[in-house]
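Quick notes on the structure that follows.
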Amino acid sequence: MIWRWTKRFFLLGTSILSAVLLANYAVNRSARNLVHDSIKDTPAKKVGLLLGTGKFLRNRHINLFYKYRIDATIALYKAGKIKYILISGDNSRKGYDEPTNMKEDLIAAGIPETVIYLDYAGFRTLDSIVRCKKVFSERDILVISQQFHNERALYIATANDMTAEGFNAKSVSKRYGAKTYIREYLARTKMFLDLLFGKDPKFLGEGIKIG
């Protein structure tokens, strides 16, 4: 009896591990030629989709994932690689507003407010990508985040018939972002389930024209 249950748990664990590794491989391979580290080699796009994250950690130190995404967006705009910036992030609870925080920091760096658009319902990466297409009517975009995040976002974009590429913001060390990197493996697996079952964003709403 014990051996039978041990075997079942082993097979279940092996299946889950295989699914996670397969999802990770598929995402990496799909985005292989679509992500860029060099601004010079990055194609110019009308819209840069900046994926949100929290500005501060629990210890109130600046979140380096946040800082490096802001830095990347500023550099891309000043290099003429993007004309407009769509910030998509979480604003689901009082006192937590990723898009507004990012907007304020971009404006402080000299980015005109008139070129910045906010999506307050980017609760997940899938929401951000699909809403970019269905709400903001933008199918050809440059996604701005760290490479691991860009790769998943681009897989979602491709699955939704979008033409998207990514610019990789500076990475942080695996020690600093260990939880984020581990969580990414699970997020990629969940993404496949969401796409398989046709998961929609939590909110859509009326269309917004950029530019």
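Derivation of every value follows stated rules applied to the coordinates shown; laboratory data play no part. All values derive from a computational prediction rather than experimental measurement. Counting neighbours? That spans all protein chains shown, and the Cβs are built from the backbone with ideal geometry, glycine included.
Round to the nearest 10 and give me the degree value, 0 to 90, for the angle of helix 147-159's Cα axis relative to the longest principal axis of the chain.
Compared with the principal axis, the helix lies near 90 degrees.
Given R₀ = 30 Å, FRET efficiency for residue 134-residue 196 by Cβ-Cβ distance, to 0.05?
About 0.95, to the nearest 0.05.
In deg cm²/dmol, rounded to 500, what helix-only [θ] at 222 nm does the chain give when every DSSP H run of at least 4 residues adds -39500 (n - 2.57) and the total is split over its residues?
After summing the helix terms and dividing by residue count, I get -15500 deg cm²/dmol.
Suppose R0 equals 35 Å. What FRET efficiency, 1/(1 + (r/R0)^6) with r the Cβ-Cβ distance, do residue 41 and residue 93 give to the nearest 0.05?
The computed FRET efficiency comes out at 0.35.
Explain nothing, just the number: relative contact order of the chain, from Cα pairs under 8 Å at least 6 residues apart, as a whole percent.
Normalised by residue count, the contact order of the chain is 26 percent.
Only four residue types carry charge here, +1 at the Cβ of Lys and Arg and -1 at the Cβ of Asp and Glu. Report the dipole size of the chain about the Cα centre in Debye, rounded to the nearest 20.
My answer is approximately 800 debye.
What list of whole percents do you get for P(r) of the range 167-211, with Cα-Cα distances grouped in 10 Å bins up to the one holding the largest distance?
Calculated P(r), rounded to whole percents: 20, 29, 32, 20, 0.
Once the Cα atoms of helix 98-108 and of the chain are each reduced to a long axis, what angle between those two axes, in degrees from 0 to 90 to the nearest 10, is obtained?
Here the helix axis deviates by roughly 40 degrees.
Could you tell me which of the pairs 45/133; 83/133; 170/202 are separated by over 23 angstrom between their Cα atoms in the structure shown?
Flagged as over cut-off: 170/202.
What is the gain in length, in nm to one decimal, between residue 71 and residue 206 on full extension, counting 0.36 nm per residue of separation less the C-alpha to C-alpha distance?
45.5 nm
Is the C-alpha gyration tensor of the range 17-98 telling us rounded, prolate or oblate? Criteria: a/c under 1.5 is rounded; beyond that, a/b larger than b/c is prolate, otherwise oblate.
It comes out oblate by the Cα gyration axes.
Which residues' amide hydrogens lie under 5 Å from the amide hydrogen of residue 141, considering only partners 5 or more residues apart or on another chain, with H built in the peptide plane?
The list, which skips near neighbours in sequence, is 163, 164, 165.
Once you've got the Cα coordinates, tell me which of 81/174; 78/190; 46/67 are over 26 Å apart.
81/174; 78/190
In what order do 203, 167 fall by count of nearby beta-carbon atoms within 10 Å, going from fewest to most?
203, 167
Can you compute the modelled spin-label distance between residue 163 and residue 30, with each label point 7 Å from Cα toward Cβ, in nm?
With each label placed 7 Å out from Cα toward Cβ, I get 1.9 nm.
By per-residue mean of other Cβ atoms within 10 Å, what is the highest-first order of 133-145, 50-62, 34-46, 113-125?
133-145, 113-125, 50-62, 34-46
Taking Cα atoms, how many degrees apart are the long axis of helix 64-78 and the longest axis of the chain, rounded to 10 and kept between 0 and 90?
40
Would you mind telling me the antiparallel percentage of the DSSP bridges in the range 2-196, rounded to 5?
10
Using 0.36 nm per residue of separation minus the Cα-Cα distance, give me the extension gain between residue 104 and residue 176 in nm, one decimal.
Extending this stretch completely gives an extra 23.4 nm.
Please name whichever of 65, 36, 101 sits farthest to the positive end of the charge dipole of the range 2-196, dipole taken about the Cα centre and charges placed at Cβ: Lys and Arg +1, Asp and Glu -1.
Checking the options against the dipole of the range 2-196, the answer is 65.
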